[in-house]
Amino acid sequence: MRRDYFELDVTGVDWVDEGGEPSKPNVVIEFTGDVDDLRDHLTDNDGELLDAGETDATFRLTDDVEERGASGVVAVTNRITGDFVLELNEDAEDVFTFIRAARRYGEATDDDEGRYRVEIRVDGEELVVYDKSTFLVYSRDGDLLRGDSLIPSGIEL
């Protein structure tokens, strides 16, 4: 599926830089392509929609992390097969703001449901909703950037 079929909108992150009350970051990914194709990517071998534990969220830089205006690719993958569910281009600064918000939200609350929420929508209707705690960031060379990633304590990679 083409990256331009997806549009990402993040809410619940402004409080981090403004010093406000923590709120759970929410990521809405709107899909505008063939819904059957997306649904196929989001289902397991039994035809059931993947749950949060069967997916991984990542960001792979396409520029040097220190470069002004750096960007990269946000991806959701099927944890079992490694197949990409979706990919879309995003600015690194926006992704790092999101990660800071999710990290601080996790530190400020005891929310067992996750540090952030992901909604994948088609024509404004929710297809799947995931509460997630991990978001891995990779350099343009494919190295895991642990300090920039969102990795809950007790998780060993």
Go through the range 100-109 and give me each residue that's hydroxyl-bearing (S, T, Y) and surrounded by fewer than 16 Cβ atoms within 10 Å (Cβ to Cβ). T109
Residue hits (the range 120-136; more than 10 Å from the chain's Cα centre (by Cα) and β-branched (V, I, T)) are I120, V122, V128, V129
With respect to F84, determine if the residue is closer than 19 Å to F6 by Cβ and at pLDDT below 95. yes
Residue, surrounded by the fewest Cβ atoms within 10 Å (Cβ to Cβ), within the range 75-94, restricted to residues that are in contact with a helix residue (DSSP H, G or I) (Cβ under 7 Å, 6 or more places away or on another chain) and under 14 Å from T62 (Cα atoms): N89
Do we have any residue at all in the range 6-18 that's more than 17 Å from V95 (Cα to Cα) and among the aromatic types (F, W, Y)? no
In the range 1-28, which residue that is within 12 Å of V85 (Cα to Cα) and in contact with a strand residue (DSSP E or B) (Cβ under 7 Å, 6 or more places away or on another chain) is surrounded by the fewest Cβ atoms within 10 Å (Cβ to Cβ)? R3
Say we look at the range 124-140 and pick out the residues that are of a type outside the set (A, V, I, L, M), touching a strand residue (DSSP E or B) at 6+ places or on another chain (Cβ under 9 Å) and without any contact (Cβ under 8 Å) to a residue 60 or more places away in the chain; which of these is farthest from D40 (Cα to Cα)? S133
For the range 110-131, name all the residues that are acidic (D, E) and surrounded by fewer than 14 Cβ atoms within 10 Å (Cβ to Cβ). D110, D112, E113, D123, E125, E126
Considering each of T97, T58 in turn, give the residue that is touching a Phe, Trp or Tyr at 6+ places or on another chain (Cβ under 8 Å), crowded, with 17+ Cβ neighbours inside 10 Å and either touching a residue at least 60 places away in the same chain (Cβ under 8 Å) or more than 17 Å from D9 (Cβ to Cβ) (or both). T58
Report the residue count in the range 32-55 for those that are free of Cβ contacts under 8 Å to residues at least 24 places away in the same chain and hydroxyl-bearing (S, T, Y). 1
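The values are calculated or read from the model by the stated rules, or taken from the named source; none is laboratory data. Since the structure is predicted, the reported quantities are computational estimates derived from the model, not experimental observations. A quick note on method: Cβ atoms are made from the backbone with ideal geometry, for glycine too, and the neighbour counts reach across all protein chains shown.
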